[in-house]
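To start, the structure under review is shown below, and the notes come after it.
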Amino acid sequence: MRIALFGLGIIGSIWARHIAADGHQLTTWNRSAKPDAPGFTADIGEAADGAELALIVVADGPAVREVVERILPRLAPTAVVAVHATIAVAEVLEIAALVRAAGRRYLDMPFTGSKPAAEARHNVFYVGDDDGAFAVAQPVHSRLSQACLPFGGVGRAMAMKLAMNLCIAGTFQAMAEGLAAAERAGLDADAFFQAMDRNVARSGLVDLKRPKLLARDRSPQFSVKHMHKDLRLVLALAASHGLALPLTAGVEAAYAKAEARGFGDLDFSALVDVVGSD
Ligand code: NAP
């Protein structure tokens, strides 16, 4: 199968290496040149030419739409377009309509797991599929992931992804505030995590971010700007259904502060530096 991958950021660059290592025929494209990526071409049309499966891992909804519009005429007539960026559910439905109007099939396929999970082929894909398109992607994506979870039709996987990121951001924020409270009371981070080890609040997220927090390592696994995007998207989704999310609104305000301070490209664990800083 001819595969094309668009967007060689933190995640796309890792998946490209895995897909090439799995022996697939792969072309890749990125807005800014990444000549070291397997199958890289700076010409987006050339990357798309004849591809039967397109993976899109760019930043946000406008970027996905732009890429889709540019590649659609060049993809194979029966191509499946799998969109992995986290975007609004409304954008999913609009872009899926564009793809269908061009005779191709759309897969709503957001994922969880950041850089370490991608390296370890341990992402989890959420699958929204209207017409059996996942059967085309399954052999490729099952190799990149620990699970591909079906949630029904196109749009439903993205709604679940946004709900899950709300949980991650809220969980991290609670931990950051707990850590700040302990530190203000004269306890250090080592003591905090020692207590957390035997506390029901311990989680996979705590375990993932603990080494970064102890090392004061803010290099991005999942960036502040993308988590902030996702919080805005889930708040808008909930509001469209008449649902207020007061805790999430507070977390979003902290992310707005972090971005205003120039933390956008740092790992979202940098939110610890915002707690109590004004
Ligand atoms: P990233 O490292 O910030 O990379 C973003 C990619 O999008 C880059 O390749 C960038 O190209 C490209 N891009 C941005 N604007 C563009 C435009 N207008 N046209 C074309 N390309 C554009 O992002 P990431 O962390 O890999 O995440 C990618 C997507 O997956 C995001 O939607 C994110 O929310 C989602 N996601 C990420 C994670 C994670 O842990 N990292 C987990 C789950 C979901 P340049 O290199 O030229 O800037």
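The values are calculated or read from the model by the stated rules, or taken from the named source; none is laboratory data. Just so it is clear, the model here is predicted, and its values are computed rather than measured. All Cβ positions, even for glycine, are placed from backbone atoms using ideal geometry, and neighbour counts span all protein chains on display. Note: accessible area is taken over every heavy atom of the protein model, side chains too, but ligands, DNA and RNA are not part of it. Shrake-Rupley method; radii C 1.70, N 1.55, O 1.52, S 1.80 Å.
Oblate is the label for the stretch 1-56, because the ratio a/c of its alpha-carbon gyration tensor axes (a ≥ b ≥ c) is 1.5 or higher and a/b is not greater than b/c. Taking other residues whose beta carbon is less than 10 angstrom from the beta carbon of GLN25, and scoring Lys, Arg as +1 and Asp, Glu as -1, yields 0. A 1.4 Å probe run over the stretch 142-225, with the rest of the protein chains in place, finds 52 Å² accessible per residue. For the chain, the 222 nm mean residue ellipticity estimated from helices alone, with every DSSP H stretch of n ≥ 4 adding -39500 (n - 2.57) and the total spread over all residues, rounds to -15500 deg cm²/dmol. For the chain, the residue among ALA4, ALA254, ALA244 whose Cα projects farthest onto the positive side of the dipole built from Cβ charges is ALA4.
Would you mind telling me the antiparallel percentage of the DSSP bridges in the chain, rounded to 5? Restricted to the chain, the bridges split so that about 20 percent are antiparallel. By how many degrees, between 0 and 90 and to the nearest 10, does the Cα long axis of helix 61-71 differ from the longest principal axis of the chain? Helix 61-71 sits roughly 20 degrees off the main axis of the chain. Round to a whole number: what % of the accessible area of the stretch 158-274 belongs to carbon and sulfur, probe 1.4 Å? C and S atoms contribute 60 percent here. Anisotropy class assigned to the stretch 2-154 is rounded, per the alpha carbon gyration tensor with a/c under the 1.5 cut-off.
Principal-axis analysis of the Cα atoms of the chain puts helix 246-260 at an angle of about 80° to the longest axis. Could you tell me the center-to-center distance, by alpha carbons, between the stretch 211-278 and the stretch 81-96 in angstrom? Cα centroid to Cα centroid, the span is 22 Å.
Report the local net charge at GLY153: Lys and Arg +1, Asp and Glu -1, summed over other residues whose C-beta lies under 10 Å from its C-beta. Result for the neighbourhood of GLY153: -3.
If you take the square roots of the eigenvalues of the alpha-carbon gyration tensor of the chain and sort them as a ≥ b ≥ c, do you get rounded (a/c under 1.5), prolate (a/b over b/c) or oblate?
On the way: a/c = 2.11, a/b = 1.75, b/c = 1.21.
Prolate, because a/c is 1.5 or more and a/b exceeds b/c.
Distance between the modelled labels on ALA253 and GLU94, one decimal in nanometres: 2.9 nm (7 Å Cα→Cβ projection).
Relative to the first principal axis of the alpha-carbon coordinates of the chain, what is the inclination of helix 134-144, with its axis defined by its Cα atoms, in degrees from 0 to 90 and to the nearest 10? For helix 134-144, the angle is close to 50 degrees. Annotation: amide H-H contacts under 5 Å for TYR106 (H modelled 1.01 Å from N, sequence separation of 5 or more, or interchain): VAL81.
Note on exposure: ARG2, ARG184 ranked by accessible area (1.4 Å probe, complete protein assembly) read ARG184, ARG2, with the most exposed listed first. Rounded to the nearest Hz, the phi-derived 3J(HN,Hα) couplings of the stretch 33-42 under the Karplus curve 6.51 cos²θ - 1.76 cosθ + 1.60 (θ = phi - 60°) are 4, 10, x, 7, 6, x, x, 5, 9, 7, where x marks glycine and proline.
Counting only protein heavy atoms and a probe of 1.4 Å, the accessible surface of the stretch 1-119 is 52% carbon and sulfur.
With θ taken as phi - 60° and the Karplus curve 6.51 cos²θ - 1.76 cosθ + 1.60 applied, the whole-hertz 3J(HN,Hα) list for the stretch 115-129 is 3, x, 5, 5, 4, 8, 6, 10, 5, 10, 8, 9, 10, x, 9 Hz, x standing for glycine and proline.
How charged is the neighbourhood of GLU52? Take every other residue with its Cβ under 14 Å from the Cβ of GLU52, and add Lys/Arg as +1 and Asp/Glu as -1.
Cβ neighbours under 14 Å give a net charge of +3.
The length gained by stretching the chain between ASN199 and ASP36 to full extension, at 0.36 nm per residue less their Cα-Cα distance, is 54.2 nm.
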